[in-house]
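Please treat every number below as a calculation from the coordinates, not as lab data. Because the structure is predicted, anything quoted here is derived from the model rather than measured. Here Cβ is always computed from backbone atoms with ideal geometry, including for glycine, and neighbour counts include all displayed protein chains.
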Amino acid sequence: MPPKDSRTLRVGVLGCGPIAQAAHFEACTKARNADLYAICDVADDLRDRMAATHAPTRSYADYDTMLADPALEAVIIATSDAFHVPAALKALQAGKHVLCEKPLATGIEEAESLRAAVAASGRVLQVGHMKRYDAGLQAAKAFIDGPMGAMVALKAWYCDSTHRYPMTDAVQPLMVTSKAARKPSENPKADLDRYYMLAHGSHLVDTARFFAGEIVAVDARLSNRAGIRCWFVDVEFASGTLGHLDLTVAVRMDWHEGFQIYGAEGSVLGKTYNPWYFKSSEVDIFHESDGATRRVLGADGHFYRRQVEGFADTILTGAPQYGADLEDGIASVRAMVAIAQSARSRKPVRLADVTGAL
């Protein structure tokens, strides 16, 4: 790994569960401009084991105590979805910057409650839509915003696979659990329609918004057959672009994720891999001007580390925020609520009209 910058962001990770173990601890230790300063979890056995493995400067059993540490500059919230907003509010009120795992919240009003806290704190809040740091997606975004011209249509799909766990178990570290871990009052997987939309649909929606901009209306259908949930969603973008999203869990095949984009002066075809392979998307960009297709290699596929580095750059140097900001996080939640309401009602739904939670 390259040497650390002379000035690094001191980051604390809240939660020592699977997403922290698989992504955030390593992202902080490898980031050129950040350090894993602290970890925090109520489960003593889990926290102690993670501290022994990842060697943070500080280890805390109490979140308020960690936030009171004047040396701590930023927090990564790596907890269950139900705890995201309360934890983010506490961090902002303590004057800390926040990188919050996706989805930002489970409901629209809950997500919007962060606006006042962010404005009052003057701190950066970023949502963990790490696919924005995929070099393939970044190459597509640069083409879309430049030579491609007007976007005509976007199709995107995110299809989890029944074979995902045998494949990811081969590349991920052994996940450590604890009976003392804090859990939400309700089992997040009790309602699988809701769980899959929050866990997987948040990625699909943010990718669509990243490329095509604001979503103003959706018309969704949901099928649940043979244990496969499939959402087909027709999307209206503010730009006039036609959109179609496919969220399917779980396909009887390999992981299947990608996108097709048609523009006035070219097209884009992308294949995205399971994120735990840390492999950049294969994105073929066709330029009408010279009839040639180009593909960036994207050798650095550690999206989580690149996300932390982008977050730290914004804080330390004032670089533009490339990752998803507060409004992106709110818009993603709003779109997911609209999709859920449209699927239930079997009618189109305008995002401006929706309220409530998934």
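Summary table
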read-out: Subset of segment 101-124 that is aliphatic (A, V, I, L, M) and part of a helix (DSSP H, G or I) - its residue that is nearest to Asp353 (Cα to Cα); value: Ile108
read-out: Tally of residues being in contact with a Lys or Arg (Cβ under 8 Å, 6 or more places away or on another chain) and more than 23 Å from Ala22 (Cα to Cα) across segment 287-318; value: 2
read-out: Single match in Ala119, Ala94 (criterion: more than 30 Å from Arg295 (Cα to Cα), without any contact (Cβ under 8 Å) to a residue 12 or more places away in the chain and aliphatic (A, V, I, L, M)); value: Ala119
read-out: Count of residues meeting criterion [part of a helix (DSSP H, G or I), under 22 Å from the mean Cα position of the chain (by Cα) and of a type in the set (Ser, Thr, Tyr)] in segment 291-346; value: 3
read-out: Residues located in segment 1-54, provided they are acidic (Asp, Glu), under 17 Å from Ala181 (Cβ atoms) and in a helix (DSSP H, G or I); value: Asp44, Asp45, Asp48
read-out: Residues located in segment 1-40, provided they are in contact (Cβ under 8 Å) with a residue 60 or more places away in the chain, crowded, with 24+ Cβ neighbours inside 10 Å and β-branched (Val, Ile, Thr); value: Val11, Val13
read-out: Elements of type strands (runs of 3 or more DSSP E) contained in segment 135-248, each with 2 or more residues being of a type outside the set (A, V, I, L, M) and surrounded by 20 or more Cβ atoms within 10 Å (Cβ to Cβ); value: 151-161, 228-237
read-out: Residue within segment 276-297 that is on the phi > 0 side of the Ramachandran plot, among the small types (Gly, Ala, Ser), in contact (Cβ under 8 Å) with a residue 12 or more places away in the chain and in contact with a Ser or Thr (Cβ under 6 Å, 6 or more places away or on another chain) present; value: no
read-out: Test for Leu137: is it free of Cβ contacts under 8 Å to residues at least 40 places away in the same chain and of a type in the set (A, V, I, L, M, F, W, C); value: no
